[in-house]
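Engineer: One structure is given below, represented as structure tokens, and several questions about it will come after.
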Amino acid sequence: MKGMYTIMLLIVSNIFMTFAWYGHLKLQEMKLISNWPLFAVILFSWGIALAEYSCQIPANRIGFQGNGGPFSLMQLKVIQEVITLIIFTVFTTVLFKGEALQWNHFAAFVCLIAAVYFVFMK
């Protein structure tokens, strides 16, 4: 069960992270914050990032083997990176219409699947 909690928290964390890092670009494109100074955009993103950290830190604590979880540090990191790229891909293709998936993106996903396989291999 700790593994599922960890993965769910990582998914929520990465949704917030993606919005904190890239959501302001969409808001600027929509002319909602186009007049904001960079400092205000940074503070806005930090507020969103606080929610990200509020999920990321517990996910790592719950999932880490040293705390009774099922994952090593390497496994946690690879899981987090795969989740990040999946969420970023969905975010980009849904919200930014000019971005499209290419064959090389799919090839990169195959490499990520291989990375997950290798990091969990005994």
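Engineer: With a probe of 1.4 Å, find how much accessible area the chain has per residue, and write the answer as a whole number in Å².
Structural biologist: 67 Å²
Engineer: Which ³J(HN,Hα) values in Hz, rounded to whole numbers, follow from the phi angles of segment 16-28 under the Karplus curve 6.51 cos²θ - 1.76 cosθ + 1.60, where θ = phi - 60° and Gly and Pro get x?
Structural biologist: These are the phi-based 3J(HN,Hα) values: 4, 4, 5, 5, 5, 7, 10, x, 5, 5, 5, 4, 5 Hz.
Engineer: Taking a ≥ b ≥ c as the square roots of the Cα gyration tensor eigenvalues, with a/c under 1.5 meaning rounded and otherwise prolate when a/b beats b/c, else oblate, which class fits segment 58-122?
Structural biologist: oblate
Engineer: If you don't mind, another one. Using a 7 Å offset from the Cα along the Cα-to-Cβ direction at both Asn67 and Trp103, what is the distance between the two label points in nm, to one decimal?
Structural biologist: With each label placed 7 Å out from Cα toward Cβ, I get 4.4 nm.
Engineer: Can you give the FRET efficiency for Tyr5 and Glu81, using 1/(1 + (r/R0)^6), R0 = 22 Å, r = Cβ-Cβ distance, to the nearest 0.05?
Structural biologist: 0.70
Engineer: Let me ask something else. Got a number for carbon plus sulfur as a percent of the chain's accessible area, 1.4 Å probe?
Structural biologist: 74 percent
Engineer: Within the chain, what is the number of lysine pairs with alpha carbons under 30 Å apart, leaving out pairs fewer than eight places apart on the same chain?
Structural biologist: 7
Engineer: Further, regarding this structure: Quote the relative contact order of segment 1-63 in percent (integer), defining contacts as alpha-carbon pairs under 8 Å separated by 6+ residues.
Structural biologist: Here the relative contact order equals 61 percent.
Engineer: If you count, for each residue, the other Cβ atoms within 10 Å and average over each peptide, how do 6-13, 23-30, 52-59, 101-108 line up from highest to lowest?
Structural biologist: 6-13, 52-59, 23-30, 101-108
Engineer: If you don't mind, another one. May I ask you to derive the relative contact order of the chain, considering only C-alpha pairs under 8 Å and at least 6 residues apart, and to give it as an integer percent?
Structural biologist: It rounds to 32 percent for the chain.
Engineer: From Cα coordinates alone, what are the radius of gyration and Dmax values for segment 11-50 in angstrom?
Structural biologist: Gyration radius and largest Cα-Cα distance of segment 11-50: 10.1, 31 Å.
Engineer: Here is a follow-up. Looking only at Leu73, Leu38, Leu112, which one moves most when the chain is put into a Gaussian network model with springs between Cα atoms under 10 Å?
Structural biologist: Among Leu73, Leu38, Leu112, the largest GNM mean-square fluctuation belongs to Leu38.
Engineer: Each residue of segment 64-73 in order: what ³J(HN,Hα) in whole Hz does its phi give by Karplus 6.51 cos²θ - 1.76 cosθ + 1.60, θ = phi - 60°, with x for Gly and Pro?
Structural biologist: 6, 4, x, 10, x, x, x, 10, 6, 4
The values are calculated or read from the model by the stated rules, or taken from the named source; none is laboratory data. As the structure is a computational prediction, the values presented were derived from the model and not from experiment. Please note: Cβ atoms are built from the backbone with ideal geometry, for glycine as well, and neighbour counts cover all protein chains shown. The accessibility values were calculated without ligands, DNA or RNA, using every heavy atom of the protein model including side chains. Shrake-Rupley method; radii C 1.70, N 1.55, O 1.52, S 1.80 Å.
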